[in-house]
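Read-outs throughout are calculated quantities, based only on the coordinates presented, and are distinct from any laboratory measurement. The model shown is predicted, which means the values in this text are computed figures rather than measured ones.
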Amino acid sequence: MLILILLLVVGSALVYISKYNFMPVSVNFGSFIVSNIPLFYVIVASLLIGLMLSYFVYWIQSISTYFAFRGKNKEIKKDKDEILELTKRVHQLELEKEKIKNGSEDSEPTDQNAL
């Protein structure tokens, strides 16, 4: 519904602009000259070209951001794996400490939470 209202407002603005800007103008593209084009068409064409260029720049920026986040996600995953390995090692060392402290000769730990 909001898009429909927005389209109606934009369409009304374009009609208003076209009503008062319909005089023919000449457009120069270097050595190429286009003459007798209504000013309204020049306004709409420049608006559309600006929108396409801004979308292209946004698209390039979003791709760049995607690759930056992708690299950070790989670092985070690597660091989480390292934390998991260190946690396992700490748990093993705690079990060895308890084994030495109790003087137990069991080669297999009896901890049910052992990884």
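Relative to the longest principal axis of the Cα atoms of the chain, the long axis of helix 2-20 makes an angle of roughly 30 degrees. Using Cα springs under 10 Å in a Gaussian network model of the chain, which residue among 20, 58, 66 shows the largest mean-square fluctuation? Most flexible of the set in this elastic network: 20.
By the rule of a C-alpha distance below 20 Å, with chain neighbours fewer than 8 residues away ignored, the lysines paired with residue 97 are 88. Computed from Cα atoms, the angle from the helix 39-102 axis to the main principal axis of the chain rounds to 0 degrees. Among 37, 17, 100, the largest mean-square fluctuation in a Gaussian network model of the chain (Cα springs under 10 Å) belongs to 100. Identify which of 16, 55, 41 has the largest mean-square fluctuation in a Gaussian network model of the chain, with springs joining Cα atoms closer than 10 Å. In the Gaussian network model the winner is 16. Under the criterion of Cα pairs below 8 Å and six or more residues apart, the relative contact order for the chain equals 12 percent.
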